[in-house]
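Accompanying notes for the structure given below.
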Amino acid sequence: MAGLPGVALALMLAACGPAALPPGDTIIDADEAQNREVHRFNVALDRSFVRPVAQGYGTAVPGPIRQGVDNFASNLAQPSYVLNNILQVRLGQATHNTLRFLVNSTIGIGGLFDPATALGLEARETDFGETLHIYGAPEGDFVMLPVFGPSTTRDTMGLVVDMATNPASVFVSAPQSRYVSGSRVLDVFGERYDNRNVIDGVLYDSADGYAQLRSLYLQNRRFQLGGPVLGFDGLDGAATDAADIYTDPYADAPVQ
């Protein structure tokens, strides 16, 4: 739990109250040249390794088994959601995610199955980036991370803290820890396979895959944190627009 002092420091430094979301057409990409270099690396990695491995995994492994791996990996993330819910002082959400974890860990046989959703305990994801947002930390610049992909300054800090403090990782020792890591890796390949058409469309079919990915990430992330995004006040409007990978909502936005 060595990361907890950093968590406390971040929360103390953050202002009181949620950070204001940037306007939907705002892009702050001060290191665009470097970000594009990282994006080219990620695309090359996807083309040479991730996409072919994901294709092989999705073709060779039956769907129900892939779903079980996805359920297991998702269940391992629940303790991190609960920790962030507590830091966010959202005790109702913390209770919901705790019950979901307990149901799927027991009735769901360690998380391989998802009976919790059928019982009304659907997935409610969160992360430390959202926690920082709630405490007033600004979004910061757009960042393209190696391997992990699009992010922001705030979400990059959140990713580091989540990785360092996830109870499922901190308190699990070998050899069980290898199962935890393995399930997460397989889940990444499974998601790449399941979303291959969308991902390929953005990375390989867009005139500017970097700008397209940046647009979609910022739009979706801001909507997750409370929107409205691009003038859409309702869920349906924003979700529909976000789902169209060939629509660039920031096409005319000035990059700062």
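The values are calculated or read from the model by the stated rules, or taken from the named source; none is laboratory data. Predicted model only: the values in this text are computed from it and were never measured. Ideal geometry is used to build each Cβ from the backbone, glycine not excepted, and the neighbour counts take in all protein chains shown. Areas reflect the complete protein model, heavy atoms only, side chains present, ligands, DNA and RNA absent. Shrake-Rupley method; radii C 1.70, N 1.55, O 1.52, S 1.80 Å.
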Kirkwood Rh and Cα Rg combined as Rg over Rh, evaluated for the range 53-98: 1.25
Rounded if a/c under 1.5, otherwise prolate or oblate - the range 59-152, Cα gyration tensor axes: oblate
More than 15 Å apart - percent of Cα-Cα pairs taken over the range 84-125: 37 percent
The range 127-174 shape via C-alpha gyration tensor axes, a/c threshold 1.5: oblate
Accessible surface, the range 108-157, averaged per residue in Å² (probe 1.4 Å): 44 Å²
Estimated FRET transfer efficiency when R0 is 30 angstrom, pair Ala33-Asn197 (beta carbons, to 0.05): 0.50
Cα-derived Rg to Rh of the range 117-224, Kirkwood definition: 1.00
